[in-house]
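This report concerns only the one structure given below.
Rule-based calculations on the coordinates, nothing more; no lab input. Just so you know, these numbers come straight off a predicted model, no measurement behind them. Cβ placement follows ideal geometry from the backbone for every residue including glycine, while neighbour counts extend to all protein chains displayed.
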Amino acid sequence: MKTTILVSHDRRAMAAGAAAAEAALRAEISKRGLDKDISVSATGSLGYEAGGACVLVMPLAVVYTPVTAADAADIIEAASKGRALERLAKPVSKSWKMPASGSHAEKLAAAQQRVILGNAGVIDPENIGEYVSAGGYGALAKALAMKPEEVIAEIKTSELRGRGGAGFPTATKWASAAQEKADIKYVVCNADEGEPGTFKDREIMEGDPHKLIEGMIIAGYAIGASKGYIYIRGEYALSISRLEKAAEAARAKGFLGEKVLGGNFAFDIEIARGAGAYICGEESALIESIEGKRGEPRRKPPYPAQKGLWQKPTVVNNVETLAAVPHIILNGGLWHKALGAEGARGTKIFSIAGDLNWKGVVEIPFGTPVSAIINEIGGGVKGGRKLKAVILGGVSGSLLTDSEIATPVDFNSLAKIEAGPGSGAVIVLDETRSVVEAVLNIARFFKHESCGRCTPCRAGTAQIVRILEKIRDGKAAEDDITKLESLARVMAQTSFCPLGQTAANILSQSLKKFAGEWEACLCAGCACGGNKK
Amino acid sequence: MGSLPLRRLRLRRKQEMTVNLKINGKDCRAADGATLLEACKTAGVKVPTLCYLENVNDEGSCGVCVVEVKGQRTLARACITKAANGMEVSTNTPAVRAARKTNVELLLANHPADCLVCQKSDYCSLRFLAADLGIKESRYERTAKKHEQDATSPSLVRDPDKCILCRRCVAVCAEKQSVCAIGLAGRGEESVVTTFGDMGLGGVECANCGQCALVCPTGAIMEKSEVADVWKAIDDPKKTVIVQTAPAVRVAIGEDFGLEPGTAWTGKMAAALRALGFDKVFDTDFTADLTILEEGNELLSRVKNGGTLPMITSCSPGWIKFAEHFFPGVLDHLSTCKSPQQMFGALAKTYYAEKLGVDPRNIVVVSLMPCTAKKYEARRPEMNSAFQYWKKKLNLKDGDSFQDVDYVLTTREAARMVKEAGIDFAAIPGEDFDKPLGISTGAGVIFGATGGVMEAALRTVYEVVTGKTLTKLEFESVRGMEGIKSAEVDLNGLKVKVAVAHGLGNARKLLEQIRDGKSPYHFIEIMTCDGGCLGGGGQPFTTNAETRKKRAQAIYAEDKDMPMRKSHENPAVKELYAEFLEKPLGHKSHELLHTHYTPRGVHPDDVKAEKPACKKEHVCAH
């Protein structure tokens, strides 16, 4: 049986020398005269944050990482004999057999349920044929045979909620835009993945771009839109080129264009690049940016579903949300509703980072406890140190203490501890980290990213940085903590948009949950080097 | 006449009071579509605001007008939140008070505390608000970087350091004036209101209208003051310093001394100016009458000789610069008449200098204008007709050139000088203007209100063309605050269609019609500012919709009380033609009273480059 070696061509792997490793593999194959037996193809990411290239050998279903050019001879030697190279082997999913045993790697495989990322790291993302062979665009055909309202009803049954952070019910958004009458409507994909610690949408766009496109076409059909925009973070060069190629291929095959699948539905997609402003991830600022204006939030109402892009009804959905759509259409809303937890149905992709033994991207059902993400998936805190805190849902999300990490990750359970899954970022801080430093780091981010439109966010973020620097340097005044509390409250209550409303979330939670550490910092000889006189 | 529609409007408002809500525990009703701010106002509840400005700005940026709405996670901005049935609104809770206070404190942290010497202090919304909210000190330290002043414009100075980023100026420039000369650059705390490429107001398509200065809640945008220069001239014994006063100033200047708008303070103004030390106090209304004779004849000549129509008035220098930037292709439609200010300057240094037997170089012409754009106009290089007139006679070199008008003071600057000189404006007994350049008619006075130039022109053109005497001088259809007004006048069978626009956004609409060849009009009056000159960017900071209306009433009352109300009846103008100019559109008129325009475009390179003046066909006979 012919062996295929899939080389992960995601951004990280490319930076780590995937191209050189791939060239070495090809050279090794030629050298051994195995061209007819072993082929090499590019694919998307498998989610590994390891420091090198990542390859998957099929049909053996074994993942090697980190791989460098020097490993090529051993890999080809093993492959030619149908064996796994245990030295580099990592498992990827419980459905795949894994010759190597033991290790944290198996726990990782067991915990994952790769649905949206099912093709990522398996098919060549630049080959539409592979996507179609894997069942791609089948959901589109099925959706076009349904009435638009039936498509929305299916999404409603699925209880899909937005994956960008706010968790708004997708069907409600779609129904709202669908009932608007307009000469043109738009579907906008929010791919401006800018929340620090969040790098999950990239895995979809790099690894399975057609899934996003298919989801967008279905959304367009459901709401009566004829044009789609994918607003991608400008730094995501690989995502941009993959999606451009994918859209071109989809156009050539008749999935996009004047007559989608030869019918009367017209839909096409354009790609817009972000220019590095975090605020443009806020849907109305994103719309302003597509229109060529300064990225600033609009007032709501009217919501984008009523007056969005160029004042026309517009649905703005996150990449992950749209990529879930083909699965729901193919398998039915009830299938999706059976996954996950009450109020948080389906699987969720998490970006895992910080002081952990394993970092990367995983897709797991909603309802998995934070502790499981940290210990089973993340392999525990690095160096056997103790956990101090978890930043969940990105820097605009929430700060969890060790005693809170048993909470399952779903909207309802997290709401009880004033937290939420947010963008799906998990950043772990170990016991050596200073909460004050971490909060200052986050505060600097928001000061830099505030658009400047409203007073509380523009001036509040700057004041917070100033006060935090004073505290860190041991130069704080008696009332500085009171000032921080009052700023955090006013920003949350009176900022114009969610950026400012959430900018001080982690600060105010840390003031409550780590009061001791703040007090220590106000006192002489504090852990962060300050000396208050 | 206006009572019927007004009654209908009130009736409709009453019917639309369909939103039921609770404000501070009391049942209230609000109009459909009303904001919480409007609902509170109706209910007699005051909600403090800062960035909000009725009909200009509702960006919701400052975070001061916040109120608590039961069941909402965040506080609501009253200025942009619509009232809805069943809402329970609280305007006085600990959270609301703390939020307002904190947001104002945050602004104060980055605002220079130089109120004692700030020219805007008496009108500063930020200062008033801080006092109202009981803020004794800002708990926060300065975090923002210092910004340099923009003094590139001859009309306005912007001081971003005093800017609180309320965006009123940006809104008025973009929405009302359709100019968009200023906008936001930079992000977060580095946000700053600036011009394209930070080139300064002097380097971009700014019309110099000064509406931004009028709406600014702080002292971040002010006129470029020429007070010091004017004092210096007054104090120089060698100079004959004469002042001309525009019609709109007399109905507004009293407001800067706390007087109620609605009156013309003409006599007090003349007396105060004389008390300041001006050698002669003259009236721009005189050259307004002259403008009517020149412009009226130009219109008739264009109609008779198949000239470019519609013809558009050219008294308002903001509008002229706007046309040069945005509609360089339609400059042929502009009357070649200079504005009354510039006609005055040219005559003061020729006709009047000869009359006095004074070297024109020793005459200093100061204009008192409701306008910041007039400062720019006076500095236009072609506005040196008196120099051209004297060049040969006095054997002058190009380097000796002097401008027809030396200094331009806004109403606000003049009021400051009066205060500085210790003159009690409220108490000073009225005096008359000096003769002969202070003699004018009611037609000259109404130049200060939108529609006034049109009405003055119609009074003269009608009588000149028909040979009949008008029984009713008031052309009501061109009066009032409607953005674009139009009328048709029958001149012995010749039906003349006229239109009046005020505010450059309205002007743009009429200009687009002309550009597209769809304009039905023969004659158009355009004024840069809302309400005409009485709402000019150099007027007291009390300027708003209400004061504009009251000033207009005062102007029309002044007109009604004048012994002469038609420009062609002005004896001083008749004398001027008899002694000096000979006839309207004559050779001297051409040299001294008419001008040409410069196509500028809006591209930065075009704006910067001084292009050669366009060769225009002049209507004069020579």
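In a shell of Cβ-Cβ distance under 9 Å around B:K391, excluding B:K391 itself, what net charge do Lys and Arg (+1) and Asp and Glu (-1) give? Let's see the in-between values first.
Values: positive: B:K392, B:K393, B:K397; negative: B:D398, B:D400.
So the environment of B:K391 carries a net charge of +1.
Taking 7 Å steps out from each Cα toward its Cβ at B:N55 and A:R385 produces label points 6.4 nm apart. The largest-to-smallest principal axis extents of the Cα set in the stretch A:401-533 are 45, 38, 21 Å.
Summarising the overall dimensions of the stretch B:122-253 from its C-alpha atoms, the Rg and Dmax are 17.8, 55 angstrom.
Dipole size in debye (nearest 20) for chain A around its Cα centre, Lys and Arg Cβ +1, Asp and Glu Cβ -1?
440
Considering helices alone, the calculated mean residue ellipticity of chain B at 222 nm is -9500 deg cm²/dmol, with DSSP H runs of length four and up weighted by -39500 (n - 2.57) and normalised per residue.
Across the stretch B:486-509, the residues whose backbone nitrogen lies under 20 Å from the label position 7 Å along the beta-carbon direction of B:V465 are B:486-501. Of the residues A:G333, A:L238, B:G183, the one whose Cα sits farthest towards the positive end of the charge dipole of the protein assembly as shown is A:G333 (charges of +1 on Lys and Arg Cβ, -1 on Asp and Glu Cβ, taken about the Cα centre).
Could you give the angle, 0 to 90 degrees to the nearest 10, between helix B:411-420's Cα long axis and the longest principal axis of the Cα atoms of chain B? Orientation of helix B:411-420: about 80 degrees from the principal axis. Between B:N24 and B:N395, full extension at 0.36 nm per residue minus the direct alpha carbon distance yields a gain of 125.7 nm.
Restricting attention to the stretch A:26-79, which trypsin sites (Lys or Arg not before Pro) occupy a DSSP loop and are surrounded by at most 12 other Cβ atoms within 10 Å? Passing sites in the stretch A:26-79 are A:K36. Given B:L491, B:N208, A:I116, which one lies farthest toward the positive end of the charge dipole of the protein assembly as shown, if we put +1 on the Cβ of every Lys and Arg and -1 on the Cβ of every Asp and Glu? Positive-most Cα among the choices belongs to A:I116. Compactness of chain B is given as radius of gyration and Dmax, 25.4, 82 Å, from Cα positions. Of the trypsin sites (Lys or Arg not before Pro) found in the stretch B:119-192, those that fall in a DSSP loop while having at most 16 other beta-carbon atoms within 10 Å are B:K136, B:R142, B:K145, B:K146. Computed from the C-beta positions of B:E546 and B:D432 and an R0 of 41 Å, the FRET efficiency is 0.85 to the nearest 0.05.
In whole angstrom, the stretch A:276-404 maps to an equivalent ellipsoid with semi-axes of 33, 22, 12, each derived as √(5λ) from the alpha carbon gyration tensor and ordered largest first. Computed from Cα positions, the angle between helix B:545-561 and the longest principal axis of chain B comes to roughly 30 degrees.
For the stretch A:7-87, the list of GluC sites (Glu not before Pro) that fall in a loop by DSSP and count at most 16 other C-beta atoms within 10 angstrom reads A:E86.
From largest to smallest, the equivalent ellipsoid semi-axes obtained for the stretch A:139-284 from the alpha-carbon gyration tensor read 24, 19, 13 Å. The calculated pair-distance distribution of the stretch B:199-311 uses every alpha carbon pair, bins of 10 angstrom beginning at 0, and gives 11, 25, 31, 25, 9, 0 percent.
Assuming R0 = 30 Å, what is the FRET efficiency of A:A15 and A:L334, from their Cβ-Cβ distance, to the nearest 0.05?
For A:A15 and A:L334, the calculated efficiency is 0.10.
Each label was represented as a point 7 Å from its Cα along the Cα-to-Cβ direction; for B:K46 and B:R379 these points are 4.1 nm apart. Relative to the current alpha-carbon distance between A:A153 and A:S133, full extension at 0.36 nm per residue lengthens the span by 4.4 nm. Size descriptors for chain A (Cα atoms only): Rg and Dmax, in that order, 23.9, 77 Å.
Of all complete DSSP H helices in chain A, those with a Cα span along the helix axis of 15 Å or greater and a mean Kyte-Doolittle hydropathy of 0.5 or more are A:209-223, A:319-331, A:435-449. Checking the Cα-Cα distances for B:K82/B:K136; B:K41/B:K101; B:K304/B:K349; B:K468/B:K497; A:K293/B:K120 against a 23 Å cut-off, the pairs over it are B:K82/B:K136; B:K304/B:K349; A:K293/B:K120. Given their separation in residues at 0.36 nm each and the Cα-Cα distance between them, B:N305 and B:M17 gain 98.0 nm when the chain is fully extended. Dipole size of chain B about its Cα centre, with +1 on Lys/Arg Cβ and -1 on Asp/Glu Cβ: approximately 1480 debye, rounded to the nearest 20. Computed from Cα atoms, the angle from the helix B:284-304 axis to the main principal axis of chain B rounds to 70 degrees. The modelled label-to-label distance between B:K70 and B:E582, using points 7 Å beyond Cα along the C-beta direction, is 8.4 nm. A viscosity of 1.306 mPa s and a temperature of 10 °C, combined with the Kirkwood radius over Cα pairs in Stokes-Einstein, give a translational diffusion coefficient for the stretch B:117-169 of 119 µm²/s.
Per residue, what volume in Å³ does the Cα convex hull of the stretch A:8-84 take up?
Convex hull of Cα atoms, per residue: 76 Å³.
In chain A, a dipole from Cβ-located charges (positive for Lys and Arg, negative for Asp and Glu) runs towards its positive end, and of A:I279, A:A23, A:M58 it is A:I279 whose Cα lies farthest in that direction. Go ahead and run the numbers for FRET between B:R97 and A:E342, Cβ-Cβ distance against an R0 of 51 Å, rounding to 0.05. For B:R97 and A:E342, the calculated efficiency is 0.80. Relative to the Cα centre, the charge distribution of the stretch A:398-467, modelled as +1 at Lys and Arg Cβ and -1 at Asp and Glu Cβ, gives a dipole magnitude of about 560 debye. Using only the Cα atoms of the stretch A:374-440, construct the convex hull and provide its projected area averaged over every direction, in square nanometres to one decimal. For the stretch A:374-440, the mean projected area of the Cα convex hull comes to 4.5 nm². Once the convex hull of all Cα atoms in the protein assembly as shown is built, its volume per residue stands at 219 Å³. In straight-distance terms, cross-link reach from A:K513 covers every one of the lysines whose alpha-carbon lies under 26 Å from its own, apart from those fewer than eight places away in the same chain; here that gives A:K359, A:K382, A:K386, A:K388, A:K416, A:K447, A:K470, A:K475, A:K483, A:K532, A:K533.
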